[in-house]
Amino acid sequence: MSSLHSSQLLKPDVTLSLNLSSQSNTTSFSPTFSHSHDHNHNHNHLQTTSSSSSLTKAEAEKGGVVLIQLLLSCAKHTACGNLCRADSCLSQISQLASVDGDSMQRLAARFASALALRLVKRWPGLHKALWPKPQMGRAQLASLPTFPCLGIAYSIIARTLVHSLSHQDAIHFVDFGSGDLRLWIPIFRRLAVLGEPRENGPLSLNFTFVHGNKAILDKLGLGLAKEAEALGFSLNTTL
């Protein structure tokens, strides 16, 4: 029985992106209590609340599309060195993006910060003055490999993510700087060996890592490549 089940498993399609840098909407319902006995009033109130929620969702989706367009334009102008137009895009993005907003707003805020940093790096002296390279102390270097809470936290994160994403056909992780194999290898292993036969083909996994230290990116790529080889599937790497 186990051999039959193993033959039905589909190996995931995994893509790994390593990027060197400088450094689902949810709807909540809050019950409203009224001392009025007018049922028509309550019915109208519920209709108004429903219409307002639909309008808010539509506005959020529209704002997400605008943010994507602005980010693409900003990336284009940044790559071409057009400072004025890139600055104009960043100004508009800053009005719509927020680290405390919905998923698209948070993502846009991070990408806008990265694009702004890339622009500033055109002036090395200014960049180094604003973002001096941090030096990790000896105590911190010694404690990182043995700090027990990190291992426990990574295990909980891996279990929670895999449990919530196990039924998805395509998953894309974006890591903005952690660069720790102790976090990503457990997630990689759990997702890679999901044993449910899938109607839409194998699971598509994408890992994008952004970090300012090329050595850490190389270590991540090598570590995940070894895991992919051990699990018996190919890993498409983009540098």
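The values are calculated or read from the model by the stated rules, or taken from the named source; none is laboratory data. All values reported here derive from a predicted model rather than from experimental measurement. Reconstructed Cβ throughout: ideal geometry from the backbone, glycine too, with neighbour counts over all protein chains shown.
Would you please list the contacts, defined by Cβ atoms under 7 Å and residues six or more apart or on different chains, that run from a residue in segment 151-170 that is in the same structural domain as Leu191 (by TED's automatic domain parsing) and on the phi < 0 side of the Ramachandran plot to a residue that is of a type outside the set (Gly, Ala, Ser) and exposed (fewer than 11 other Cβ atoms within 10 Å of the Cβ)?
Hits for this filter: Asp169/Asn200.
Could you please tell me which pairs satisfy a Cβ distance under 7 Å, a separation of 6+ or placement on different chains, a first residue in segment 67-87 that is closer than 19 Å to Leu107 by Cβ, and a second residue that is not in a helix (DSSP H, G or I)?
Leu67/Ala97
Scan segment 93-106 residue by residue and report those that are among the hydrophobic types (A, V, I, L, M, F, W, C), under 15 Å from the mean Cα position of the chain (by Cα) and surrounded by fewer than 19 Cβ atoms within 10 Å (Cβ to Cβ).
Within segment 93-106, Val99 is the sole residue that qualifies.
Can you say whether His163 is at pLDDT 80 or above and within 30 Å of Lys76 (Cβ to Cβ), as far as the supplied structure shows?
Numbers: at pLDDT 80 or above: yes; within 30 Å of Lys76 (Cβ to Cβ): no.
When the stated conditions are applied, His163 does not pass them.
Working only within segment 179-210, note down all residues that are modelled with pLDDT of 75 or more and part of a loop (DSSP other than H, G, I, E, B).
Gly179, Asp180 - these are the residues of segment 179-210 that are modelled with pLDDT of 75 or more and part of a loop (DSSP other than H, G, I, E, B).
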